[in-house]
Amino acid sequence: MKLTTYSVEGMSCMHCVHHVTMALKDVQGVNDVKVSLAEKTALVNADESVSFEALKAAVEDAGYQLAAK
């Protein structure tokens, strides 16, 4: 498993945090997610098989932007 921090753009409230959290948790292979509104980050604990592209697509589908930190 790998633990990676990503930048998340577009969040403005806890409702946004929930959307990003659920989008990332729905990616197969993601084990845990902690999203911070204050830091505008997502800490993702996922299997090695999970690609950045899969995480980015899930977050973009939810209406936000994910970038490597």
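The values are calculated or read from the model by the stated rules, or taken from the named source; none is laboratory data. The structure presented is a predicted model; accordingly, all values stated were derived computationally and were not measured. Positions of Cβ are generated from backbone atoms using ideal geometry, with glycine treated the same way; all protein chains shown enter the neighbour counts. Ligands, DNA and RNA are stripped out before the accessible areas are found, and what is left, the full protein with its side chains, is counted by its heavy atoms. Shrake-Rupley method; radii C 1.70, N 1.55, O 1.52, S 1.80 Å.
Of 20, 33, 27, all but one fail to be β-branched (Val, Ile, Thr), in contact with a helix residue (DSSP H, G or I) (Cβ under 8 Å, 6 or more places away or on another chain), open to solvent by less than 60 Å² (accessible area, probe 1.4 Å) and touching a residue at least 40 places away in the same chain (Cβ under 8 Å); the exception is 20.
Of everything in the range 36-69 that is surrounded by fewer than 19 Cβ atoms within 10 Å (Cβ to Cβ) and assigned to a helix (DSSP H, G or I), the residue that is nearest to the chain's Cα centre (by Cα) is 56. When the range 7-17 is filtered for residues that are in a strand (DSSP E or B) and open to solvent by 20 Å² or more (accessible area, probe 1.4 Å), the ones remaining, listed by number, are 7, 9.
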